[in-house]
Structures are given as C-alpha cells and as structure tokens.
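The values are calculated or read from the model by the stated rules, or taken from the named source; none is laboratory data. None of these values were measured; they are calculated from a predicted model. Glycine gets a Cβ as well: all are built from the backbone with ideal geometry, and neighbour counts include every protein chain shown. Heads up: the accessible areas ignore ligands, DNA and RNA and are worked out on the full protein's heavy atoms, side chains in. Shrake-Rupley method; radii C 1.70, N 1.55, O 1.52, S 1.80 Å.
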Amino acid sequence: MGSLETAPALKRDYNLQRSSSARSSNSIGFSGQRSRSRFARAFFFKRIDYLQLICAVAVFFFFIFFFQIFFLPGSVIEDGNKSGIAHGLFRRNSGVNSEEFSFLKELDFGEDLSFEPLKIAEKFRKNGTVANESTFVRFGYRKPKIALVFADLWVDQHQILMATVATALLEIGYEIEVFTLENGPAHAVWRDINVTVNAADKDMKFAVDWLNYDAVLVNSINAVGFLPCLMQEPFRNVPVVWTIHEQTLADRLRQYVSRGHSEPIDMWRKYFSRATVVVFPNHILPIAYSMCDPGNYFVIPGSPEEAWKADKQKALGRENIRLNMEYGPDDFVVAVVGSQLSYRGLWLEHAFVLKALYPLYMDFGDSRSRLKIIISAGDSTSNYSSIVETIALKFRYPNDTVKHVAMDQNIDTVISTADLVVYGSFLEEHSFPSVLLKAMCFQKPIVAPDLPAIRKYVSDKVNGYLFRKDDMRALTRILLQMVSYSKLSLVAQNAASIGKHTAKNLMVSESVDGYSSLFENILTLPSEVALPQAAKSIPNKLKTEWRWSLFEAVADTHSPSKDGVESVDKIEKLFNHTNGENSVALILPNETFLYSIWEEQKYMDIAYMRKKREDEELKDRTDQPRGTWDEIYRSARRSDRTLHERDEGELERTAQPLCIYEPYFGAGTWPFLHNTSLYRGLGLSSKGRRLGADDVDGPSRLPLLNNAYYREVLGEYGAFFAIANRVDRIHKNAWIGFQSWRATARMVSLSKNAERSLLDAVEARRHGDTLYFWARLDKDARNPLKQDFWSFCDVINAGNCQFVFSEALKQMYGIKHNLSSLPAMPSSDGTWSVMHSWALPTKSFLEFVMFSRIFVDALDARFHEDHQKRGICCLGISKDKHCYSRLLELLVNVWAYHSARRMVYVDPETGFMQEQHVLKGRRGQMWIKWFQFSTLKAMDEDLAEESDIDRSYKRRLWPSTGEVIWQGTYEKERNLKNKEKEKRRQQSKDKIQRIRRRTHQKVIGKYVKPAVDASTNATVLGLR
C-alpha cells in the first residue's frame, strides 16, 4: 500500500455532469457530494506520521494517569482485583445456603475503597527543615514560643488533650502561653504546670501581639473567634494550627449546600484557608469538611473525648436508657456498628453479620430473655431502614428483633443500651474506629474483624475478640462463646473490663508524637531561638496516658455543654453585619427558610437600587436655579473654606512642639495605636487604614511603599522616608518622634507622666540637640543576657550583622579594602534604643534620613540580588521578607553616637530622664568625619547628580526614597522657567504679527450726517 499522496483518487458520482455548473452546485452542497471540511482535507491529503500521533496520545494519557495517582490526595481507587477478592469472600461466607444471599450478589465489600491521606507533613518538612537545620548559626537565647488558644477554661476533653501535649512540648524545650476568652476551673491546672494564662476582660476583648509567638494553636470550633484577628495584617503569616473535633459545623455546611447558600461556605473556606494546618482526630471528619478543604487537612489520631464522655454518663441510669429504646431489662441487645463511610458493600456486610447472629438467636430459644439487634448505619435521610428490614425477613428474623438506627443520631444511647458490640465493617481505615473506642470506654465487649488498624490495639481474647473477615463461621463461634445462658460470660465481662482500661489511654503516644512532629516541621525559627529536641526525645512516661491526674484536684469538672453551635452562630452573625443589610441571612437549624421569599426580597432590593440611581441621574440633569453671580461667588468661597475642615486633634497638634508618628501595617495593629493629639498614625499601606482617623497615607507620600517587596524588607523604616519626603507639607512641628505599635504591645510606650516630662524637656530645650528614647536594649525581651550592641545585632540577624554593616559601609563610602573595625558602640557607659521609639529635632531628623537613605541604598545594592533573586537573606536563616528591618532598627544609635548627638533615656512609666553615653566619654571613639553633615550633604548631592544624569542609576533604591536635589537641579529648573517664559513671549509676538498681517476689507460705504435744516430728515448714504 502506498501513502495517501499516491492513493487512487476518490470515487465520483458518474451521474453528475462534468460541466462547470455541476461542479459549482456541488461545491455549495445543494446536490451531489458535499464539500469536505478542512480537517478531512488535511487528513486525506497531507502527510501524517502515525507513529508520532500514537506517541503523542500515549504520552497524554500517561500524564493524565500520573496526575490522578500522585496529585489527587484522598481519591478513591477502585481495583478490579479487589472486586474479585470480594466475590471470593462472598462465596466463602455464603456457604452452602448461597441462595439466601442471591439478592445481594451484585454488591461488593468495602475493599475496593482505598483512601490515600493527604501527605501535608512532607510539604511542610520541605519548608521548615531548611530553616531549622543545625548548620546555621544559632544563639539560642530563647525557646520557641507557642500560644494555646481556648474559648474557655472549663474542664473538658480539649483541656485534657492540650494539657498532655503541652507537658510533652515543655519537656523538649518549648515555651507555652494560654489565651482564653472565659476563665474557668482549668486555670489552676495550667498554673500547676508553669504555664502563663491570659484571660480577656469583662468585654471579652484583649489585644495580643501574635508576632511574639512562633505558632498559634487554636482549639476547637468554639475558639474560632480568634481567627479573624489572625487573618489581618501583620499577623497573616504567623503559623496557625486549628484542631477540630466537632461535627457541628460540618452538619451546618451540609445544610448550606442543600439550600444553595454559597456565601457562608465561602466565608468558612476563608477561615480554613487561614490555618496553616487543620488537625482532625480521625479520617472521617476531613471527609465531612471536604467542601472547605484548601489542601491543609491533617490527621493526628488520639483524643480523650470518648473516655471523658463515658465518665460523665456514669450518673445516667442504664435501665432508663433501655426503657427509652423500648427494651426490657431481660433483653439481650447486640449493637452492630461499622464505619461512618457509606459504600456499596455495606449491605452485604450487614447481611453476613445477621447471618452469623442467627444461630445465637436460635440459641435463646424459649428463654425469658430475647435477642435484640440494633444496626447503626447510614444517616437519617436515607431509606436504609427498609433495606435492613428486607434482609432481616430473608433470614427469618421476627419483625421486632432487628432495628435500624441512623449513625448520625445518638450513637451513645445505642452503645449504652447494648450488651455486646459487633463491628460489622470490613473497610480498612487508617485509624482505630471511633465507635469501637466508644464501646470500649462504655465497658462493652467488642467483636471486630482482624483489620490492621484494629489489630494494632485489640488483642484477641484479652481486651476484645477478633475474627477473620473471610470466615463468618468464626464470628458465630465467638458469639456463642461470649453469651452463656442468655447472659454475658465471665470471660467476655473480663475482656470488657480490660478493654475499658485500654481505651482510657488509647493512642496517647500517637497524639503526642503527632503534635510535636507537626510543630517541628512547620515552624521556621529565627536565629535567636534555640531548636527544640526531636519528638523522639519525649520520655515514654509522658506518652503512656492522658494527664488525668492534673484534673483530679479540680473541684468543678462539670463543664457546660458546648458543641460549637453558639460559636458558629456568633461568627455568622458577625459576617452578616459586616456584609451589610442586603446580605443573605444565615439560617439556623431550628429555623425555616422559604427560598421564594428570599428571591422576592432580592428582586425588590435590586429594583429599589436601580430606581434610586435613576432618580439621582435625573436630578443631576435638571436645571437648577443658580442665583446671581454674587451668590455663586460667595457659595464657592464658602465651600473652599470648608473643603478641609480640621478636626480638634489636628488643631491641637499644630500648637504643640512635638508630634509622634506611629507606623502601622494592617488592621491587626489598631488596638495598639493612640488616639490623642500627641500621636498620629502612619499607614504603610493604603489598605488597612483606620476609618475616620487623621492618619498619614504613607504610599501617597512615598510611592516606593506601594512596592510590597520594599515595604516588607524595610518594615517601619519606610515611615521615616515617607515623612521626610517634602516634610514641610505634612509636619510643621519643631520636633518629631516615632513609636512602634509593638512598643505599646510590650508595655514600654510612654505613659501620661512620661509624655508630660518629654514635652517639658522639648519646650525648654533642656538637653539641646538630643535623641530621646524610651525603649532600651538591655531590657528588651530578645536580649535576656544583656549583651552589648554588636553582639545583640548578630543575635537577631543570624550572626551576620557586623559583616553586613561593614559591607554596606564599604559600598556607601566607596572603600576598596576591608574595614579593620566597625564604629565603636560601647555599652559600658549606657544603653541603646530599640523598636523605633525615639524623638529628635526635625532638622536633625532630616539629617538622619539623609544618612539612612545612602546607607539603605548601599545595603540594597550589595545584597538585593541575593535576597530577591536567589532567595537568600543575608540577615536571616531563610528567605525572610523583613530581611533588612532588624538591622535598620538599630541604625539610629550608630548615627546619633558618631554624629555627636546627646542621647537621653526617658523612663516610659515615670518620665525620669537619664543621659546615656556622655559626650565627654566619647572622645577618641566617634567617627565624626564619616557622619558629619558636610560629608553626608556632599554624598547626597553626588548621588542626586549621578541619578539625574545617568538614567540607568534610577534602578537603584536611593532615588525612590526621597527627593533628588543638587545644585544642577536648581539650574535646570531656572533654565526650564526661562525657556517657558521665552516661549510665552515668542507666542505673544507671533500673535501680534499675525494680527498685523491680517488682510483688511476695503470700506464699501460711508455714513453722511444729514443737514440740520433738512426738511425730510432723511438719511443719505454717499458712495465714493
């Protein structure tokens, strides 16, 4: 066979005429053969390499298969081999009477479901291990700090779990602090293990600087009220671990899906996305919350919840519960429970269990006791009850023997009523089934298949009974051994007692190791933080049982029942309030909702808004009386005067000698800002500014702050550049000050007495040209050992502070050789300023900014490429977004000391002033020539000239940090004004010349005044 190119021509219809008209009609498709498409012509008339086509298709399907296998966690994989195994199990378990199972032959076991867990630990290990490697220089002056967040401190399962985990974390080198909205009896427990507890005030509010913590652990749905603050800047990057043990929110989300409410689901998805990791105690809850899964779900098995609930229900009478379930005291109740997942083989498994229970039913015979079977499966909305009834009738059970109870109903009542619990699910799960754990805590003997997750904790005939899932006759033999004379045998009762003791402290080791390993993998610790010990270093005594002993001394252990409904309602009401009146109301479970009413209201609101907008447009188009010109002029002058109405704070600020600016970024810092006239906020971003406050918009004054990279890498230092840029337009006070919001959070901000003392010293010019500061280095929490200036700088900058400072000075002053020493910063005669909390004369502040601009430009020119392009921060362990900020925090001390400024410390509580580093003691140690004004001014003009002439220099940072002014700038402005003036003069001359050269029309007539005595008084027109 030849190729398509040499193939014979396609057959034609010989009935068609060979005229042009026939071919024309054939081409337009009205008769004969239809015209072929482009694809057909390309397919038949172009050379195609079939081998390449087949290879391309094969590669395409290979990548689809590869993507499904490796990039879709939690996917369900069906295996035909497992289906064959299931049918084999069917044949072996059905035995001789296989016709009784003929109606279930099309069903399979749960073996064809294989759930692959999301391996999020590997993802965070890649990010965290690099930053926490021991190869980096670490000083270890403080421990990693974790904040535990609770809604209240009532004794419950969350307190027991976190107390156990916290004890282990304290043992391996963590520091823990507890925050709660409501105090409670558990406060004493945390005090006994040396953990600080912070409770909210009477208004249920308190401000926390979450940047002081390396991670935040939020416990349960009830504590979700803390997440909105952690979703705001500057706390959005703090690692958050959110533990969820409740089913309440999952049920609420399911209602929203059924009713078509997308807004609340989107809101909750944002909360789940904020968490770095969402931790569940089993593999069932992540499936229930799958609609909000952003890819950060993680399972740490183990919780004292079931044991705690079992102890609380001891007071309830078992007989009363049986009467409520309509069972007599002599009835023997068997509860058949299983997995909370629904799958195809569920019916078949229950049929096998009922078949295995039938000999036990026959063994009861005519005794007073009757066998009752409860099958707990499915949910309340399914029709599984009819299915169970059908299966029971097929096996000749009486009508009142087998009863179905939905799994989402009160499973505690079912297990409390039962005398024996059979686990009838053959689905292999990743963790121990919670329903079996509940039965063991209620001291019920259990019978379960020998699945790996169950066999790990249940020993056959010791704390439970196991049978092979492919041998249902073994299940029958076990049941007959456990029941003797219609009662539980002594062996079964002994196994139940041992099982309760086992279940009380089940999976403690997995829980403790899981949380410690999780923190080990997600934390990125700075250089001053010591690395904790590995999870394997936790002593075994802390992993054998929950810390029940800590709560034995607590008098009031009966906590109010809180299932998360109240917290969910509060968050959703807040969501409605923030979205305005027209937002869709969130429906509570006990409320009814008519979708038609909501649609009608929605259309009415839309029509009203459209009508309102049209009325406003028509009002603007109508003619309105303007009045006289005098009225319009007076109205314009009046509006001009009231265009910028100055508030009381601004008027007071104008009259005082000092104004202190508080730089901030994000709404999370608002509680730490002051509202008095002495202070003024300075927003580093246009977003997150305080509403109604007279704050300075930093990006509008310095466009560099619109660049997220430089806004983060400079930190609060960008506020200095923003104020200094055309300072006379925004700041008209003789003195200027700055105070970090973090100083307020650490309780080192100025008190009223200190403010009064500082203002008095400034007005009296008591110390002259002075740097006043009130946050001192030797009392900083990051400096517990009270180290000197350069040592502390190395501690908070990964040990590279001195090297980076030396390199920046060399770049700044153009030094070719290595510096043998750094500017001396002795700590023997005083302390230093930290956290940008100081005040200066405005003139000195501008000089300091001049020096800072040159230094920051040199620093960025030297290390910008390594940080932004290669991801290596020279002053940090990892790719730190705030790379330069910690070094720049201390820069004002170097400038003030070596420019011969006096430095005075102001006690933030009392206002007492004490001079540091007296000028007489600095002689011979200051680098005055390097920091004097004339040197800096010359360097500033050189940079301005270079950036003005060399356009490529504008790629550097210096031109973007402020004004570019040098002598040539004034000459250029003068020349430009002269050119504009000359241009206007020339335009005026040209206009006059055009008027003179304009062609004039000749006079065509002349008016002649008539004579006085003319009798006709007529007008005479004379013509020339």
Cα convex hull volume per residue for region 847-909, in Å³, equals 111
Long-range amide H partners of Phe467, meaning residues 5 or more apart or on another chain whose placed amide H is closer than 5 Å, are Ala448, Asp450
When every protein chain stays in place and a 1.4 Å probe is rolled, Arg547, Arg862, Arg468 sorted by accessible area with the largest first are Arg468, Arg862, Arg547
Between the alpha carbon centres of region 801-868 and region 881-952 the gap in Å comes to 8
Mean separation of Cα contacts under 8 Å (at least 6 apart) over the residue count of region 263-396, i.e. the relative contact order in percent, is 21
Using a 1.4 Å probe on heavy atoms of the protein chains only, the accessible area for Lys977 in Å², nearest 10, reads 140
Volume per residue (Å³) of the convex hull spanned by the alpha carbons of region 338-497 is 108
Along principal axes, largest first, the alpha-carbon spread of region 179-323 in whole Å comes out as 57, 47, 31
With a 1.4 angstrom probe the carbon and sulfur portion of accessible area for region 894-961, in percent, totals 49
With all protein chains present and a 1.4 Å probe, the order of His430, His864, His817, His350 from largest accessible area down is His817, His430, His864, His350
Heavy-atom accessible area per residue of region 801-869, all protein chains kept, 1.4 Å probe, expressed in Å², is 36
Net charge near Arg870 (other residues with Cβ under 14 Å of its Cβ; Lys, Arg +1; Asp, Glu -1) is 0
Computed ³J(HN,Hα) along region 791-803: with the Karplus parameters 6.51/-1.76/1.60, θ = phi - 60°, integer Hz and x for glycine or proline, the list is 5, 5, 4, 5, 4, 8, 10, 6, x, 10, 4, 5, 5
On the accessible surface of region 728-770, probed at 1.4 Å with all protein chains in place, carbon and sulfur together account for a percent value of 47
At q = 0.11, 0.16, 0.25 1/Å the base-10 log of I(q)/I(0) from the Debye formula over the alpha-carbon atoms of region 139-236 is -0.31, -0.67, -1.52
Taking Lys612, Lys270 and ranking on accessible area (1.4 Å, protein atoms only), highest first, one gets Lys270, Lys612
Around Ala275 (Cβ within 13 Å, Cβ-to-Cβ, excluding Ala275; K/R +1, D/E -1) the net charge comes to +3
Quotient of Cα radius of gyration and Kirkwood radius for region 418-548, i.e. Rg/Rh, equals 1.13
So the carbon and sulfur contribution to the accessible area of region 259-319, 1.4 Å probe, in percent, is 54
Percent of all alpha-carbon pairs of region 686-807 at distances over 26 Å, whole number, is 39
So, over other residues within a Cβ distance under 11 Å of Lys504, counting Lys, Arg +1 and Asp, Glu -1, the net charge is -2
Subtracting the Cα-Cα distance of Lys979 and Asp471 from 0.36 nm times their residue separation yields 172.5 nm
Here the alpha-carbon Rg of region 835-976 over 2.2 N^0.38 Å rounds to 1.26
The answer for region 683-790, accessible area per residue at 1.4 Å probe in Å², is 42
